[in-house]
Amino acid sequence: MRLDDQRESDNVEDRRSGGFGGGGGGFNRGGMPVLIGGGGLGTVAIFVVALLLGVDPSFLFQGGDPGPPQQQQQSYPHGKPAPAPGGGQHAGGDDDAQRRFVARVLATTEDAWGGMFQQQGRQYEQPRLVLFSGGTQGGCGMAQSAMGPFYCPRDHQVYLDLSFFREMERKLGAPGEFARAYVIAHEVGHHVQNLLGIIPRVDAARRNQTEAQSNAMSVRLELQADCFAGVWANVTDRQRHFLEPGDIESGLNAAAAVGDDRLQQQSAGRVVPESFTHGTSAQRVRWFRQGYESGDVKRCDTFSADRL
């Protein structure tokens, strides 16, 4: 990816020195979050997969009720890291380079979606992206590393522990800068869904559905966010020519790596299609490719599609 001349977004909030520490403990040796028994396969599947590139499931479980207010962690706005113990910045230049990378990718999403909204006579509200280590408090409750990245519809923020990028490479088999950019673009895709009123409508519809129907609705929501990520890649490359050979393949590999069928097979040794909440690897690849090849948001209507 060519991002060296790209501006950094001001909407990155770095809480890595204000978190609860101990990140990553939710991953077992197979690379998947530890399964917690009870609640049925659909519920288990949500905690296995839904927060790996998704919407915080507490929002959907609770019908959008924000619940009681909780004390916020101290934050460090505009991407300025807090001093690390010992007087320096965050230990390790790699994480600071990743913060800059995240800020640059987020800036490209701001430009791409800002332009698309403007073409429709609308104003794009830029989301904030919260970097944390271990855990932090957010608008949808407690964010923890083991959850993976997610978007909170209540506070319009994306939550990301940079350790997830290492997990993607080492345990999910999805290395590369564009794979990481895909993660960010997918979460921003959820923000776009929220601005367009799609997430509230899905949430309302799910309240009167069976578990299987609710899961199926969630799949369509997630596949649309994958398609939106593809649209972002198309628009940004036309504007900035930021893609290099192999980038799209890296993104497709990342989409496949977080398919419900692959994750379930890796974590439980079997696949339960009725419990899917994000779609199969093939579906995620198909919809990301659809968005990328068309560059057209209208081609991302997963809710009307007969074939996912």
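Please treat every number below as a calculation from the coordinates, not as lab data. Bear in mind that the values here come from a model prediction, so they are computed numbers and not experimental data. With ideal geometry, Cβ positions are generated from the backbone for all residues, glycine too; neighbour counts draw on all protein chains shown.
Computed values, structure above
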| quantity | calculated |
| --- | --- |
| Sorted peptide list for 196-205, 238-247, criterion being average Cβ within 10 angstrom, highest first | 196-205, 238-247 |
| Exposure proxy order (Cβ contacts within 10 Å, fewest to most) of Thr210, Thr108, Thr280 | Thr210, Thr280, Thr108 |
| Residues Glu274, Glu167, Glu293 arranged by fewest to most Cβ contacts within 10 Å | Glu274, Glu293, Glu167 |
| Which of Met147, Met168, Met142 has the fewest Cβ neighbours within 10 Å, and the rest in rising order | Met142, Met147, Met168 |
| Charge tally in the Cβ shell below 12 Å around Gln283, where Lys, Arg are +1 and Asp, Glu are -1, Gln283 excluded | +2 |
| Separation of alpha-carbon centers, segment 100-141 and segment 197-226, rounded to whole Å | 22 Å |
| Chain lengthening between Ala282 and Gln119 when straightened (0.36 nm per residue, less Cα-Cα) | 55.5 nm |
| Stretchable slack from Asp296 to Arg2, in nm (0.36 nm times residue separation minus alpha-carbon distance) | 103.6 nm |
